[in-house]
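Comments concern the structure below.
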Amino acid sequence: MVELFSRSLLALDIGSSSIKLVELAGGRQKKVRAMAHIALPPGVVENGVIKDPAAAQEQLKDFFKANRILPFGRRVCVTLSGNAVIIKRVALAPDKDKELAEQAYYAAEQHFQHSMNDLEFDFYNTGSLNERGEINVVLVGAKREAIDGLMEIVHGNRMKIGVVETDVFAIANMFEYNYGTSETIMALINVGASCTQVTLVWRGEYLYTREVAVGGNEFTRRLAEAMSIDVVAAEVAKIGASNFTQDPTEVVARIISETNDQLVSEIQTTVAYYLQGSDNTAPGVPFTNAFLAGGACRTLGFEAALAAALQVPVAIINPFQNLQVNHRKFPPEELVLEGQKYGVAVGLGLRNMGDRL
Ligand SMILES: Nc1ncnc2c1ncn2[C@@H]1O[C@H](COP(=O)(O)OP(=O)(O)OP(=O)(O)O)[C@@H](O)[C@H]1O
Ligand SMILES: [Mg+2]
């Protein structure tokens, strides 16, 4: 199809605590044209599924207005996460009688343990072979119900869907653009509000992902409970302590540290499960680093606690590292404190129109 006006995609990450928007422009060297976020009231999005499309649509409308973005007719790139997607890497033996697509579909039927009628199915041929000469393929199933929810709010704002991605691939894409690929296994850990995604990558290929049901909300909830305060005040205490703008009281420090320990232990179990389990499709390859994204990855003491448990260097990803940013519009100190929550949105913004899920 001929595009009359070539306009870039608007990347929208509709998370459970906020909507993040990124618009990138340029050819190989991308630059940031727009970035913004708006908080969502609790309950509008839960665990990757839009529970209240009407409210989400309204929020989005206000958001565009506040940021002077004209959404009408624009193509957007949106993302699915949590329970809305199933991702599985498998190896398929080459079969001259069957198309790879057909083999991938049969493999998905076996592995997903879910009715294929409820899923939008796609697969990705990594192009690499395993030690038995089988083709490494990543299977992706996206729940129709979740896609419909996204369509509703996108169409409600008179926009068009350009690309549907998953949080996991968006983060991996953003990471590769900024940090390149590695001969060792890396963990990319996206600490959001409702959950934390742990994704393992190797040579720029997806290996494994699991979602842990602990994110920034859990820290806030526990603080509110322990201090008998509301979640708004608890959030202020958490952010103040994490940004070093307010000395944490003994209770704040203790609750954050205990929640860190729980999250770290879940992450450690996830990584160990993959490395030591029969699912490991990169046996013998060392695990050397962890990289953090998501708004809650800056929680007081989390990075250090994770490094101590995993025994590998841990670093916070800067999603804008290789992007051109106008620092008068987006001050560097703001990017340092707020930048991590744009990890998914930047990964989405880097996608091209023709790309598949
Ligand atoms: N400086 C900070 N220190 C600690 N936590 C923070 C900081 N800034 C934001 N957070 C927390 O990060 C979370 C929001 O992160 P993010 O925007 O990545 O989540 P989300 O995408 O909305 O959620 P999800 O991906 O789980 O649906 C909130 O829980 C918030 O309290
Ligand atoms: Mg998120």
_Looking at Leu188 and the list (1) within 17 Å of Ala282 (Cα to Cα); (2) touching a Ser or Thr at 6+ places or on another chain (Cβ under 9 Å); (3) more than 16 Å from ligand 2 (Cβ to nearest atom), which single condition is not satisfied?_
(3)
*Exactly one of (1) β-branched (Val, Ile, Thr); (2) free of Cβ contacts under 8 Å to residues at least 60 places away in the same chain; (3) touching a strand residue (DSSP E or B) at 6+ places or on another chain (Cβ under 9 Å); (4) away from ligand 1 (no atom under 14 Å from the Cβ) is unmet by Thr199. Its number?*
(4)
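Within region 244-261, is even one residue closer than 23 Å to Ala172 by Cα and in contact with a helix residue (DSSP H, G or I) (Cβ under 6 Å, 6 or more places away or on another chain)?
Step one: filter region 244-261 for residues closer than 23 Å to Ala172 by Cα, giving none.
No, that holds for no residue.
Out of the residues in region 66-80 that are without any contact (Cβ under 8 Å) to a residue 60 or more places away in the chain and exposed (fewer than 11 other Cβ atoms within 10 Å of the Cβ), state the one that is nearest to ligand 1 (Cβ to nearest atom).
Keep residues of region 66-80 that are without any contact (Cβ under 8 Å) to a residue 60 or more places away in the chain, which gives 66-70.
Remaining after also requiring exposed (fewer than 11 other Cβ atoms within 10 Å of the Cβ): 66, 68, 70.
Working: Ala66: 18, Arg68: 22, Leu70: 25 Å.
Going through the qualifying residues, I end up with Ala66.
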*Whichever residue in region 214-226 is free of Cβ contacts under 8 Å to residues at least 24 places away in the same chain and surrounded by fewer than 22 Cβ atoms within 10 Å (Cβ to Cβ) and, among such residues, is farthest from ligand 1 (Cβ to nearest atom)*: Glu225
*Residues that are over 30 Å from Ser265 (Cβ atoms) and free of Cβ contacts under 8 Å to residues at least 40 places away in the same chain: which helices (runs of 4 or more DSSP H) entirely in region 81-196 hold 2 or more of them?*
100-112, 144-156
*Identify, please: which residue in region 24-59 is buried (at least 21 other Cβ atoms within 10 Å of the Cβ) and away from ligand 1 (no atom under 16 Å from the Cβ) and is, among those, nearest to Asn157 (Cα to Cα)?*
Leu24
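Bear in mind these aren't lab numbers, they're just calculated from the coordinates by the rules spelled out. What you are looking at is a predicted structure, and each value in this text was computed from that prediction instead of being measured. Here the Cβ is made from the backbone with ideal geometry for all residues, glycine too, and neighbour counts use every protein chain on show.
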